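No value in this document is a laboratory result; all are computed from the given coordinates. Computed from a predicted structure; not experimentally measured. Here the Cβ positions follow ideal geometry from the backbone for every residue, glycine too, while neighbour counts run over all protein chains shown.
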Amino acid sequence: MRSWRFVSTGSVADLSVIAVLFLFLLSSFSFTSTEAYDALDPNGNITIKWDVMSWTPDGYVAVVTMYNFQQYRHIQAPGWTLGWTWAKKEVIWSMMGGQTTEQGDCSRFKGNTPHCCKKDPTVVDLLPGTPYNQQIANCCKGGVINSWAQDPANAASSFQVSVGAAGTSNKTVKLPKNFTLKAPGPGYTCGPAKIVRPTKFVSGDKRRVTQALMTWNVTCTYSQFLAQKTPTCCVSLSSFYNDTIVNCPTCTCGCQNNTAGSGSCVDPDSPYLASVVSAPDKSGNSAPLVQCTSHMCPIRVHWHVKLNYKDYWRVKITITNFNYRMNYTLWNLVVQHPNFDNITKLFSFNYKSLSPYGDLSKLFLNISILISFDWKESALCHLVSQLYGW
């Protein structure tokens with residue numbers, strides 16, 4: 001569990017009428033649109049850039065880079081999976097910084113065997129600790145990519161691919177098609193590849209600029225509706241002037257007697273808890289294994305009004321992780337409230353305002369810099385912190 005507190009000038013309406021929107025972003029942002037669109041990050045996307053760096057006798061060598069231009073949605077472990085369909089009979093001779101999940105049928109090759117001969121290859125990132133002679137810049141992070149606003153230095157992932165049986169010039173190269181991106185599950189829709197101006201590269205001493213021989217981009221956008229039809233968190237409310245706690249609604253994320261849509265649950269007092277939690281997930285889809293609760297949500301966000309004066313108010317937010325299968329070391333929270341433009345102080349963590357439409361005040365609690373917490377040891381079990389303002 002983690003929690004924090006903040007204070008804002010102005011006043012807070014009664015909890016029964018206050019419009020507060022919490023969205024805990026673990027791998028996604030919850031909204032109900034059927035299109036790949038996020039109202040709080042309308043320009044957010046993942047851009048896949050193919051830079052052809054050199055021609056070979058039967059194809060080319062390209063560096064493929066994925067840029068996560070989303071404000072707060074990151075790609076968590078087990079990481080991204082990128083797929084596409086070749087336009088002709090291309091093969092992948094070799095790769096650096098990544099690998100295909102299957103080699104495919106390469107029986108038509110009598111000499112050197114390609115890395116992959118599949119018509120529709122699937123590529124994954126290499127793991128940390130990969131030998132240096134198999135690495136390139138921005139690779140080998142296990143497919144984890146941070147969000148642009150949270151950690152721009154780690155918001156990209158790259159691999160190098162040597163393509164054969166392909167075109168050997170700008171006029172003869174055929175662009176791949178039918179791109180798919182899983183990060184790590186569904187939710188992303190990718191558009192067609194489009195040729196753009198060649199990428200330019202500045203040398204380390206900034207005295208020389210080189211450029212790719214050819215560049216094309218693929219843009220992928222996210223839809224929570226495609227990713228998951230049930231919520232991934234719920235909100236409970238309380239205040240200093242009332243002993244009553246408004247709990248998460250029953251069956252918010254699923255019901256205990258209907259675990260098909262919400263994973264499965266375990267009684268925290270069960271003597272078999274340790275063995276159940278340590279058992280591998282046979283479904284292979286990383287379904288949450290949650291603590292049995294009335295709401296059945298992996299995450300609960302609690303909003304507690306500590307003070308409510310004429311000139312300012314204070315609130316403490318507490319996040320509790322009920323998912324036994326996930327320790328969230330890379331996470332953030334988005335909260336929407338009409339008075340957040342008057343925040344004066346936040347304790348324990350940083351925040352950033354999200355105002356894509358100007359007249360809407362949106363708060364982004366950014367945990368890219370954890371004050372008094374070591375990054376690797378700050379797994380979300382029970383977060384407690386507070387924000388103050390005067």
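A few points about this structure:
- Lysines with Cα under 18 Å of residue 182, excluding same-chain neighbours fewer than 8 positions away: 49, 141, 229
- Taking a straight Cα-Cα cut-off under 20 Å and skipping sequence neighbours fewer than 8 places away in the same chain, the lysines within cross-link reach of residue 345 are 306, 310, 316, 362.
- When peptides 202-211, 166-175, 64-73 are ranked by their average number of other Cβ atoms within 10 Å per residue, the highest-first order is 64-73, 166-175, 202-211.
- Taking 311, 151 and counting other C-beta atoms within 10 Å, the order from fewest to most: 311, 151
- Net charge of neighbours whose Cβ lies under 14 Å from the Cβ of residue 197, counting Lys and Arg as +1 and Asp and Glu as -1: +2
- Packing-based order for 295-303, 114-122, 188-196, using average beta carbon neighbours within 10 Å, highest first: 295-303, 114-122, 188-196
- Charge dipole magnitude, Cβ of K and R +1, D and E -1 - the stretch 46-226, Cα centre, debye nearest 20: 540 debye
- Taking a straight Cα-Cα cut-off under 16 Å and skipping sequence neighbours fewer than 8 places away in the same chain, the lysines within cross-link reach of residue 89 are 118, 119, 174, 177.
- Which of 289, 333 has the fewest Cβ neighbours within 10 Å, and the rest in rising order: 289, 333
- Residue-by-residue Karplus 3J(HN,Hα) for the stretch 219-226, coefficients 6.51, -1.76, 1.60, Hz, glycine and proline x: 10, 10, 10, 10, 10, 4, 4, 6
- Highest to lowest packing among 319-325, 52-58, scored as the average C-beta count within 10 Å: 319-325, 52-58
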